[in-house]
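Working notes, structure below.
The values are calculated or read from the model by the stated rules, or taken from the named source; none is laboratory data. Only a predicted model underlies this, so the values are computations on that prediction, with no experimental measurement involved. Methodologically, a virtual Cβ is constructed for each residue, glycine included, from the backbone with ideal geometry; neighbour enumeration extends over all protein chains shown. With ligands, DNA and RNA removed, areas are computed over all heavy atoms of the protein, side chains included. Shrake-Rupley method; radii C 1.70, N 1.55, O 1.52, S 1.80 Å.
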Amino acid sequence: MSLTLHQHPFASYCWKALIALYEREVPFEPALVETPEDWAALAELYPMSKMPVLIDHDAGVTLPESSPVIEYLDRFGNAPPMVPSNPDIALIARLRDRIFDSYVMTPMQKIVLDNLRPEGEGDAFGVNQAREDLDGSYAYLNDLLTDQWAAGEEFTIADCSAAPSLHYARAVHRWDEGALPGLTAYFERLMARPSVARVVDEARPYREIFPPGWPDYMD
């Protein structure tokens with residue numbers, strides 16, 4: 001087996017794949033995407049120029065996009081799969097993966113990327129809408145996250161998605177921990193998970209590049 005993951009340790013969608021790799025203890029070679037040359041090489045692998053991209057050299061497979069990468073990784077290692085074998089639980093896990101990506105990650109990135117716009121070209125309306133969307137998502141997740149993990153009692157692809165989306169969303173639009181105890185308790189369990197704690201630690205050296213500035217309240 002020979003796997004390479006083209007990624008950056010601070011990139012939110014790369015966290016999803018990295019968490020799955022660490023959960024399943026799958027050996028891989030990280031390929032850092034950072035320089036213009038790295039980005040050019042990534043574009044040759046995937047014209048959309050998005051990370052992560054997984055290469056299985058033995059099988060001749062090049063696979064982009066975090067959720068399919070996670071499903072592919074279930075072929076390796078002996079740990080419980082990130083997409084559960086029970087089809088009903090698998091459906092919930094896939095659905096909640098999409099919820100975190102679409103309704104937490106997407107508005108979070110809207111706020112982050114607005115800080116990269118040239119002066120005077122910010123989208124204040126869009127940012128305010130993103131904050132409102134996050135508030136709605138937080139309230140929904142507070143009621144939804146009643147089990148140990150996002151899709152039930154098993155750690156799944158949904159939790160791989162939840163970790164980066166909630167971590168970075170909290171950095172740009174913090175929820176009221178006291179008012180949303182279900183979401184807060186889940187987030188604390190998530191951050192204590194060894195695979196998640198590892199990606200957080202690996203990303204720490206890059207916090208200075210976070211466009212809005214890294215908040216003091218984040219460990």
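What percentage of the solvent-accessible surface of the chain, computed with a 1.4 Å probe over protein heavy atoms, is contributed by carbon and sulfur atoms?
Values: 5500 of 10590 Å².
Percent of accessible area from carbon and sulfur atoms in the chain: 52.
Using amide H atoms built 1.01 Å from N in the peptide plane, name the residues 5+ places from residue 53, or on other chains, whose amide H lies under 5 Å from its own.
Amide H neighbours of residue 53, under 5 Å, 5+ apart: 6.
Heavy-atom accessible area per residue, the chain, 1.4 Å probe: how many Å²?
48 Å²
In whole Å, what are the extents of the chain along the principal axes defined by its C-alpha atoms, from largest to smallest?
Dimensions of the chain along the principal axes of its Cα atoms: 47, 42, 27 Å.
Work out the FRET efficiency for residue 44 and residue 179 from their Cβ-Cβ distance, taking R0 = 41 Å, and round it to the nearest 0.05.
That pair, residue 44 with residue 179, gives E of 0.30.
HN-Hα J couplings of the range 100-117 from phi, Karplus 6.51/-1.76/1.60, θ = phi - 60°, integer Hz, Gly and Pro as x?
With coefficients 6.51, -1.76 and 1.60, one gets 5, 5, 7, 10, 10, 4, 5, x, 4, 5, 4, 5, 4, 5, 4, 6, 9, 5 Hz.
Over the alpha-carbon set of the range 29-119, work out the extent along each principal axis and list the three values in angstrom, largest first.
50, 35, 19
Please sort 60-72, 23-35, 102-114, 5-17 by packing, taking for each peptide the average over its residues of neighbouring beta carbons within 10 angstrom, highest first.
Packing proxy ranking, top to bottom: 5-17, 102-114, 60-72, 23-35.
Can you give me the distance in nm between label points at residue 95 and residue 29, each placed 7 Å from the Cα along the Cα-to-Cβ direction?
Going by the 7 Å Cα→Cβ label model, 4.1 nm.
Cβ under 14 Å from residue 131's Cβ, residue 131 left aside: what net charge do those residues give with Lys, Arg +1 and Asp, Glu -1?
Working: positive: 110, 170, 174; negative: 114, 123, 132, 133, 135, 176.
That works out to -3.
Compute for the range 1-71: radius of gyration divided by Kirkwood radius, i.e. Rg/Rh, restricted to C-alpha atoms, rounded to two decimals.
Computed over Cα atoms, the ratio is 0.93.
Which whole-number percent of Cα pairs in the range 91-219 have a distance greater than 26 Å?
That fraction is 20 percent.
With only alpha-carbon atoms in the gyration tensor, what are the semi-axes of the equivalent ellipsoid for the range 97-170, in Å, largest first?
28, 12, 7
Which length gain, in nm to one decimal place, applies between residue 75 and residue 143 when the Cα-Cα distance is subtracted from 0.36 nm times their residue separation?
21.2 nm
What GluC sites (Glu not before Pro) does the range 127-180 have in DSSP loop regions with at most 16 other beta carbons within 10 Å? Don't skip to the answer; put the middle values down first.
Working: sites: 132, 153, 154, 177; in loops: 153, 154, 177.
Passing both the DSSP loop test and the Cβ count: 153, 177.
How much accessible surface does residue 100 have with a 1.4 Å probe, in Å² rounded to 10?
Counting only protein heavy atoms, residue 100 exposes about 0 Å² to solvent.
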